[in-house]
Amino acid sequence: MNSSSSPIKHRLQAGLLSLLLITPAFAHIVRIEPTTTGQLVILFGEPGEKSETSPGQLDLLSLPITWTPTDTKPVLQPVTKQTEHFSLTAETTNKPVLAETQFPAFKRGSHPASWPQFYQRWHPVGTAITAQPGLTFDIVPTDEAGTFRIYFRGQPLAGVEVDVAHRGAGIGAHLVSDENGTLTYTTDHPGLVIMTANHQEPFSGFTRGQPDEVISHNIALTWAHPESSAQPK
């Protein structure tokens, strides 16, 4: 190939690489999980499978903003990027933690150009429940055992499809929030539980120089489920 066509080839290769990088993000989950040493980390990928790494697709996420909710002002928590995850360097598994991060806007096939937003909530069993949203799109445990409420921009949201992956039991569930934004999930199996949902919001704008038509809101609530307990409470 002559020298005049090389830049075109390079641009095509770069475009193909970016498609390969962003395509899996439709199915990926950003969630908080505990390590065996009692540290919380933020992972990007399919639960139970190898997560995205740095260098790589993990680098496309913005550095998460992470905090511990309190009765007054939220307490920000420091976060660092490691090879396989984001690490909450000053946090342990015994406190509720909320986080949010973003993925670059992109378009795939005939789908509207999307700007993914990822929200994470970790709620250890045995801690107090405020039953108030703290994220733009949020799944909030209530003080009623086995009951959760979904909020979007501070208001309960009906008709949201929610997937539950119970890592300890190796089982799952598919739920839909009712007219009050509530849903119910109970289990007696111990292990890590991940509850996820997505909500598409029409939007016209630009993100990192790329046009987008919808904002894809994604929430992941996680907790370590003990024996004989229905939910975080």
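FYI, it's all coordinate maths here, none of it is from the lab. Just so we're clear, the structure is a prediction, and the values are computed from it rather than from any experiment. Here the Cβ positions follow ideal geometry from the backbone for every residue, glycine too, while neighbour counts run over all protein chains shown.
Among the residues of segment 200-219, which ones are surrounded by fewer than 20 Cβ atoms within 10 Å (Cβ to Cβ) and either in contact with a helix residue (DSSP H, G or I) (Cβ under 9 Å, 6 or more places away or on another chain) or part of a strand (DSSP E or B) (or both)?
Here is the first cut: in segment 200-219, the ones surrounded by fewer than 20 Cβ atoms within 10 Å (Cβ to Cβ) are 200-211, 213-214.
Once the filter is applied, which keeps residues that are surrounded by fewer than 20 Cβ atoms within 10 Å (Cβ to Cβ) and either in contact with a helix residue (DSSP H, G or I) (Cβ under 9 Å, 6 or more places away or on another chain) or part of a strand (DSSP E or B) (or both), segment 200-219 yields 200, 201, 202, 203, 204, 205, 206, 207, 210, 211, 213, 214.
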(message) Which count do you get for residues in segment 99-124 that are in contact with a Phe, Trp or Tyr (Cβ under 6 Å, 6 or more places away or on another chain) and of a type outside the set (Gly, Ala, Ser)?
(response) 5
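Quick one: how many residues across segment 44-73 are surrounded by 15 or more Cβ atoms within 10 Å (Cβ to Cβ), small (Gly, Ala, Ser) and under 29 Å from residue 169 (Cα atoms)?
Filtering segment 44-73 for residues surrounded by 15 or more Cβ atoms within 10 Å (Cβ to Cβ) gives 44-45, 47, 51-54, 57-58, 60-61, 64, 66-69.
Retained after the next criterion (residues that are small (Gly, Ala, Ser)): 45, 51, 54.
Then keep just the ones that are under 29 Å from residue 169 (Cα atoms); that gives 45, 51.
Number of matching residues: 2.
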(message) Going residue by residue through segment 117-135, is there one that turns out to be over 30 Å from residue 56 (Cα atoms), basic (Lys, Arg) and either touching a Ser or Thr at 6+ places or on another chain (Cβ under 9 Å) or exposed (fewer than 13 other Cβ atoms within 10 Å of the Cβ) (or both)?
(response) no
(request) Considering each residue of segment 90-106, count those that are surrounded by fewer than 22 Cβ atoms within 10 Å (Cβ to Cβ) and closer than 12 Å to residue 35 by Cα, and give that number. (result) 2
(message) Restricting to segment 107-116, count the residues that are buried (at least 22 other Cβ atoms within 10 Å of the Cβ) and part of a loop (DSSP other than H, G, I, E, B).
(response) 0
(request) Filter segment 72-106 for residues that are outside any strand (DSSP E or B) and free of Cβ contacts under 8 Å to residues at least 12 places away in the same chain and give the result. (result) 72, 73
